[in-house]
1. Rounded to the nearest 0.05, what FRET efficiency do residue 36 and residue 222 have when you use their Cβ-Cβ distance and R0 = 25 Å?
2. State to the nearest 20 debye the size of the charge dipole of the chain about its Cα centre, where the only charges are +1 on K and R beta carbons and -1 on D and E beta carbons.
3. Of the peptides 204-216, 35-47, how do they stack up when ordered by the mean number of other Cβ atoms within 10 Å, highest first?
4. Could you work out [θ]222 nm for the chain from helices alone, using -39500 (n - 2.57) per DSSP H run of at least four and dividing by all its residues? Round to the nearest 500 deg cm²/dmol.
5. Scan the chain and note any complete DSSP helix (H) whose C-alpha atoms cover at least 15 Å along its axis and whose Kyte-Doolittle average is 1.6 or more.
6. Where the centroid of each part is defined by its Cα atoms, how far is segment 176-211 from segment 96-137 in Å?
7. Could you give the length gained by full extension between residue 90 and residue 11, i.e. 0.36 nm per residue of separation minus their alpha carbon distance, to one decimal place?
Amino acid sequence: MPSAITEFIAEYGELLAEGTLSTIVMVIVPTLISYIIGTALGVVLYLTAPGSLRPIPALNAVLGWVVNILRSFPFIVLMVFIIPFTRLIMGTGSGILGTIPPLVLSASPFIARMIEQSLAEVPRESVEAVEACGASVPRIVFSALLPEALPSIVRGVAVVLISVLGYTAMAGAIGAGGLGDIAVRYGYYRRVDEVMIVAVIILVVIVQVIQSICDLAARKVDHRGAKEAASSAKRAKADRAAAKRSLVGRP
């Protein structure tokens, strides 16, 4: 058994290491770009919604329409559909560079809706407190909305990263590289099941790491839970003191 593992690592270890690195790059780079675009879109969608801070129904409807259309495209279809555009701006329609435009176009609308929803969950009182001080809209966004919505946004990062990871595996089916490409080439076409199994295990490990890191980060930035716990402890202490006083006061 140890010799079989050694032989497997010697034959496929470098291939799997390169595939893992390519997959991580294909996940992180498009996600960063998508969050820049998606956050801006999400903020505009929130601000221009009816009843929001700066309602512009026409702009909100057009942006919502564009976002919904982009979200309706299955990733594989979108990737093939925009190959000419990808070649135009990236110089290639395959490999890591060829996956960036379709991944950004797929993830950005999804992120925009998640940001919009996270901002909508911010208590109106927090916004009104900053607005009452005469703050401008950008200041309200950066001083009240985004900080208050940060725990929800961070939790959403895990969902986005895992979704993009799934997209990269699909992209591998048409020669984009990464673990998806390795699993298809070696596991399906060449019938090397061990390579496919190891590639799937690596993908599962990456998912677990992403989820754990994002959960930890969300707990670190979420101060509301600590405040609620402290408030509950104070109320319980006051209730115990009141009960004690009532007992002492009895004849």
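Here, each number is a calculation from the coordinates, and none is a lab measurement. The structure displayed is predicted, hence computed values, not measured ones. All Cβ positions, glycine included, derive from the backbone under ideal geometry; neighbour counts span all protein chains shown.
1. Details: r = 23 Å, r/R0 = 0.93.
E between residue 36 and residue 222, to the nearest 0.05, is 0.60.
2. Details: 21 positive and 17 negative charges, 282 e Å.
Using Cβ point charges on Lys, Arg, Asp and Glu, the chain gives about 1360 debye.
3. Working: 204-216: 13.6, 35-47: 20.1.
Put in order of decreasing packing, that is 35-47, 204-216.
4. Values: 11 runs with 202 residues, N = 251.
Rounded to the nearest 500, the figure is -27500 deg cm²/dmol.
5. Values: long enough: 2-47 (62 Å, 1.36); 57-72 (22 Å, 1.06); 95-120 (38 Å, 1.05); 146-172 (38 Å, 1.42); 193-221 (42 Å, 1.77); 224-248 (36 Å, -0.77).
Counting only whole DSSP H runs, the qualifying helices are 193-221.
6. 33
7. Details: separation 79, 0.36 × 79 = 28.44 nm, distance 3.26 nm.
Residue separation times 0.36 nm, minus the Cα-Cα distance, leaves 25.2 nm.
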